[in-house]
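Working notes for the structure below.
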Amino acid sequence: MELQYHPQKIEPQVQNDWDKQQSFAAKEDLSKPKFYCLSMFPYPSGHLHVGHVRNYTIGDVIARFQRMLGKNVLHPIGWDAFGLPAENAAIKHKVPPKDWTYQNIAHMKSQLKSLGLSFDWSREIATCDPDYYKWEQWLFIKMYEKGLVYKKKSMVNWDPVDQTVLANEQVIDGCGWRSGAKVERRAISQWFLKITDYAEELLKDLAQLTDWPEQVCTMQTNWIGRSEGVSFQFAVDHPNTAPLEVYTTRIDTLMGVTYVAIAAEHPLAQIALSLNPALQPFVDKVKQMKVAEADMATMEKEGQATGLYVIHPITQEKLPVWIANYVLIDYGTGAVMAVPAHDARDYQFAQKYNLPIKAVIRPQDSTNPDLSEKAYTEAGVLFNSAPFDGLSTTDAKTTIAQTLEDKKIGKRETHYRLRDWGVSRQRYWGAPIPMIECPHCGTVPVAEKDLPVQLPEDVTTFGQGSPLASSEDFLHTTCPKCNSAAQRETDTFDTFIESSWYYLRFMCPDQETKIFDERVSYWQNVDQYIGGIEHAILHLLYSRFFHKVIRDLGLIQSDEPFKRLLTQGMVLKDGAKMAKSKGNTVDPQSLIDQYGADTVRLFIMFASPPEQSLEWSDAGVDGASRFLKKLWRVVADHVQNGHLQNIAQVDFSSMTLNPQQKALRRKVHETQKKITDDYERRFAFNTAIAAVMELINEITKFNVETTIDQQIYQESLEYVVLMLAPIVPHITHVLWHMLGHNETIMHAQWPLLDEAALQKNDVEIVIQVNGKVRANLIVPIDVEQAYIETEAKNNEKVAKYLEDKTIRKIIYVPQKLINIVAN
């Protein structure tokens, strides 16, 4: 038996045992309750960082704990392997993205294994594997047949040199991040999924997600952005021009409109350009600007008058039309009615361009709102709005909406901020979109028998445009309908597609003839999902959408994919988020090599609650290492002293225990009760570890003299080892055998709570003399006060302070203290 803890020696041995026994391979078993634990799968960047370690350790602790509760646990892992970073690396290093990706997967897999994570590697998937993306192509075709897929022109950031679409974050100072070319805003045809068809259900079903963080549900609610308002038309004061359609949630402010604003790409802007070519420089400038929400919120509002006018639907007043940079063609109708007095954005614009500001809503207790510094955006009473003066904002919304409907130029509608999901990417390293363009049949989906549409994998040099568009073998095909020569779609899927349904494929990853089989019925849904708060909106929303579509295809029965969600906080160092760009990253592999995986896991779980940020501390890692060494030493001493006991058949309830023995058993089972709740309900792993540390301190104070002492000591150590097993699985694996168990701790049950041990038959009373503590007294919990007074006065440590003194009074706080006042 080793008297010293050597993690570098034991951890590879334990991991080898797990591999040999296939300890974590999940099999469907109807005799057990199932538990599906899933951490958001990683992008194979090549190296783990501490954020990865935290995310996957949290999931591993939960999975191991649920397994100890007797549940059949599915805990899979895979790789979110498509995407732009691999393509960029391939450009830089002139290697195929496939080679770069799989090299990284191999390295990261070895790192994950070194952490002792209980993944079922037999279910490993990589989204760049044709066996995987074949089925998402199949899903896309089914969505197309269901009317959930369409193609339309959409504004994008276009790099004219690289001939590709850029994400907003790839546009730096108006230029492409790689080419340096001036980026253009260009309308190109793209594929969309009609997520808006599910907007109301996505919003309504958030009520089912009672085990999701409230913050995440709020973020999704705001992103979906349900609003009730009115769509109506302004007649345009120009011959043969279609009316201008707008939508507003503040129809009560209609009488305060002083101008209308349109997007630079709006058809009315094109008419204005034809009449006034001098607008062209401004239109071009607006088309090149960033359109990310953060940019829109902070950028300076700019515009130009078009020279066109619209007619107010009630007053018949002519209102100027402006092109404004804060109006987006892809949001709403691409036009807004501007009410500067009652909208902050319109107020800024009107102040800048000296446009009229007409107040039409006032507070209940005021004649006019104060517009000297900002717009008045609260509810109130209408004025300056004949014939609607005196109406409350609520009543005005109803009355004005009805007026527009009676005029047949408006109608009440429910709108959503949520836009349809554009899934086209003009990039190479992604799943090909399974559509064909035929000169005779138009757009046609690939025949199911011809799936997957495989991505050519031998591409090594590219960077200007997608190589798929110039690959003769890939591009040219035949139409599935008429067998005529046709061309494949050369766009690839947004990588959010792969991550929107991967959790379902883990349930049957080896199924070759259909997307899912009966195993999905057993495992659905994910019982616990773990990942970063940065995925709170898009990834989770897209996954929820896919789940509902797959349900409507009759492939699953549930409404939501993830029952419970845990969003872990960031890892910080010196107060800043760890990042390569900041040069403050910590290599987890070097820590594993130095301290062992269990030490890293223990520190990660002890340093902070999982939902909060974790401040990295080298001293904290040292502290975790010292604790594990202490734990090993305590168990080794127990074994070396010959105190091993088989307590399986021991009935402590039949024994008469002394106060010391009762106190330790009570502490053990109080700790078990707390830690069970910490693991199962609260995810407070840091306080669970603190409770075990406190228990270890009590154990080391326990005097072992009798066989019963040895049995209680044995029980205490076994409970410690079992309660730490989900967090530090390697050391507990070995200690469990050292404590005399032949079976592996993998097959051990979570320790049981002995309610009887929690009962306090005795109580410790603090004895004070004139307010100063002089002794402690252990007495039966139901003893009379007179007995306690007598025992206190006769206590040898107290008696000397009462010599030659007169007791004036005795103050007794039941079951806590007794204070003898004497002089």
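What number of residues within segment 185-215 are more than 25 Å from Ile433 (Cα to Cα) and part of a strand (DSSP E or B)? Total satisfying the criteria: 1.
Look through segment 390-435, keep the residues that are in contact with a Lys or Arg (Cβ under 6 Å, 6 or more places away or on another chain) and not in a helix (DSSP H, G or I), and return whichever of them is surrounded by the most Cβ atoms within 10 Å (Cβ to Cβ). Don't jump to the end; show me each part of the working.
Taking segment 390-435 and keeping what is in contact with a Lys or Arg (Cβ under 6 Å, 6 or more places away or on another chain), we get 401, 405, 416, 420.
Retained after the next criterion (residues that are not in a helix (DSSP H, G or I)): 416, 420.
Details: Tyr416: 16, Asp420: 18.
Per the criteria, the residue is Asp420.
The single condition among (1) assigned by TED's automatic domain parsing to the domain that holds Arg427; (2) over 24 Å from Leu193 (Cβ atoms) that Thr513 does not meet is (1).
Within segment 725-781, the set of residues being farther than 30 Å from Ile58 by Cβ, of a type in the set (A, V, I, L, M, F, W, C) and outside any helix (DSSP H, G or I) comprises Val763, Ile765, Val766, Ile767, Val769, Val773, Ala775, Leu777, Ile778, Val779, Ile781. Considering only residues in segment 43-84 that are of a type in the set (A, V, I, L, M) and part of a helix (DSSP H, G or I), the one that is farthest from Gln528 (Cα to Cα) turns out to be Leu84.
Within the group Ile592, Ile537, Ile530, which residue is more than 28 Å from Ile497 (Cα to Cα), aliphatic (A, V, I, L, M) and in contact (Cβ under 8 Å) with a residue 60 or more places away in the chain?
Details: Ile537 fails: more than 28 Å from Ile497 (Cα to Cα); Ile530 fails: more than 28 Å from Ile497 (Cα to Cα).
Testing whether each residue is more than 28 Å from Ile497 (Cα to Cα), aliphatic (A, V, I, L, M) and in contact (Cβ under 8 Å) with a residue 60 or more places away in the chain leaves just Ile592.
Given the residues Glu265, Glu245, which is the only one that is at pLDDT below 95 and not in a helix (DSSP H, G or I)?
On the way: Glu245 fails: at pLDDT below 95.
Only one candidate passes the filter, namely Glu265.
Restricting attention to segment 453-474, the residues that are modelled with pLDDT of 85 or more and among the charged types (D, E, K, R) total 2. Only one of the listed residues (Thr599, Thr656, Thr585) is in a loop (DSSP other than H, G, I, E, B) and over 24 Å from the mean Cα position of the chain (by Cα). That residue is Thr656. Here Ala90 fulfils each of the conditions (1) buried (at least 21 other Cβ atoms within 10 Å of the Cβ); (2) small (Gly, Ala, Ser); (3) within 29 Å of the chain's Cα centre (by Cα) apart from (3). Inspection of segment 532-544 identifies at least one residue that is surrounded by 19 or more Cβ atoms within 10 Å (Cβ to Cβ), among the small types (Gly, Ala, Ser) and closer than 15 Å to Leu504 by Cα.
What are the residues in segment 296-323 that are part of a loop (DSSP other than H, G, I, E, B) and either of a type in the set (A, V, I, L, M) or touching a Gly at 6+ places or on another chain (Cβ under 8 Å) (or both), if any? Met299, Pro313, Ile314 - these are the residues of segment 296-323 that are part of a loop (DSSP other than H, G, I, E, B) and either of a type in the set (A, V, I, L, M) or touching a Gly at 6+ places or on another chain (Cβ under 8 Å) (or both).
In segment 553-575, the residue that is modelled with the highest pLDDT out of those that are surrounded by fewer than 16 Cβ atoms within 10 Å (Cβ to Cβ) and of a type in the set (D, E, K, R) is Asp559.
Restricting attention to segment 320-340, does a residue exist that is surrounded by fewer than 15 Cβ atoms within 10 Å (Cβ to Cβ) and at pLDDT 95 or above? Scanning segment 320-340 turns up no residue that is surrounded by fewer than 15 Cβ atoms within 10 Å (Cβ to Cβ) and at pLDDT 95 or above.
When residues in segment 106-133 are screened for being among the hydrophobic types (A, V, I, L, M, F, W, C) and assigned to a helix (DSSP H, G or I), 4 of them pass.
Beta carbons closer than 6 Å, at least 6 apart along the sequence or on distinct chains, pair a first residue in segment 19-42 that is over 24 Å from Ser500 (Cβ atoms) with a second that is surrounded by fewer than 22 Cβ atoms within 10 Å (Cβ to Cβ) and of a type in the set (Asp, Glu) for Phe24/Asp120; Ala25/Asp120. Give segment 221-254 a look and list any residue that's buried (at least 24 other Cβ atoms within 10 Å of the Cβ) and out of contact with any strand residue (DSSP E or B) (no Cβ under 6 Å at 6 or more places or on another chain), or say none. Of everything in segment 221-254, those that are buried (at least 24 other Cβ atoms within 10 Å of the Cβ) and out of contact with any strand residue (DSSP E or B) (no Cβ under 6 Å at 6 or more places or on another chain) turn out to be Asp252, Thr253, Leu254. Meeting the requirement of 1 or more residues that are among the basic types (Lys, Arg), the helices (runs of 4 or more DSSP H) wholly within segment 490-562 are 502-505, 519-523, 538-552.
For every residue, the table says whether it meets (1) assigned by TED's automatic domain parsing to the domain that holds Ile105; (2) among the aromatic types (Phe, Trp, Tyr); (3) surrounded by fewer than 24 Cβ atoms within 10 Å (Cβ to Cβ); (4) modelled with pLDDT under 95.
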position: Ala25; (1), (2), (3), (4): no, no, yes, no
position: Met40; (1), (2), (3), (4): yes, no, yes, no
position: Gly46; (1), (2), (3), (4): yes, no, yes, yes
position: Val50; (1), (2), (3), (4): yes, no, yes, yes
position: Thr57; (1), (2), (3), (4): yes, no, no, no
position: Asp60; (1), (2), (3), (4): yes, no, no, no
position: Arg67; (1), (2), (3), (4): yes, no, no, no
position: Lys71; (1), (2), (3), (4): yes, no, yes, no
position: Pro85; (1), (2), (3), (4): yes, no, yes, yes
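Taking segment 324-368 as the range and being of a type in the set (D, E, K, R) and assigned to a helix (DSSP H, G or I) as the test, the residues that pass are Arg345, Asp346, Lys352.
Going by what's in this entry, would Val650 be described as part of a loop (DSSP other than H, G, I, E, B) and under 21 Å from Ser716 (Cα atoms)? For Val650, the condition - part of a loop (DSSP other than H, G, I, E, B) and under 21 Å from Ser716 (Cα atoms) - is met. The condition of being surrounded by fewer than 20 Cβ atoms within 10 Å (Cβ to Cβ) and not in a helix (DSSP H, G or I) holds for only one of Asn697, Asn703, Asn686, that being Asn703.
The values are calculated or read from the model by the stated rules, or taken from the named source; none is laboratory data. In this text, all values refer to a predicted model and were calculated from it rather than measured experimentally. Every residue, glycine among them, receives a Cβ derived from its backbone with ideal geometry; neighbour counts consider all protein chains shown.
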